[in-house]
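Structure first, commentary second.
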Amino acid sequence: MSRMKPSEFKAWREWMGLSQTKAAEFLGVSNRTISLWEIGHRYEDKRPVHIPKTVSLACAALAQGIRDYSGPSSS
């Protein structure tokens, strides 16, 4: 699986109808982190900022309506 690109992250956030603040709340990160993920590099020195695979998976879960993980469902 390739890394989520900044443009893909921003497209996901906009598709979900989330502000940067709300996306930060859902993902448990700061607004600044959301901004960095969307531009793909640090402001100060332009070093790349990578979106962790865990965030990509969390985005997929949120897109499916999963807000919290409560363990496997019992059958």
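No value in this document is a laboratory result; all are computed from the given coordinates. Here the structure is a predicted model, which is why all the values come from computation and not from measurement. Cβ: placed from backbone, ideal geometry, glycine included. Neighbour counts: every protein chain shown.
Annotation: extensible slack from ARG67 through GLU44 equals 4.9 nm (criterion: 0.36 nm per residue apart, minus Cα-Cα distance). What is the magnitude of the charge dipole of the chain about its Cα centre, with +1 placed on the Cβ of each Lys and Arg, -1 on the Cβ of each Asp and Glu, and no other charges, expressed in debye to the nearest 20? So the magnitude is around 180 debye. If you take the alpha carbon atoms of the range 12-61 and fit the smallest convex hull around them, that volume is 69 Å³ per residue.
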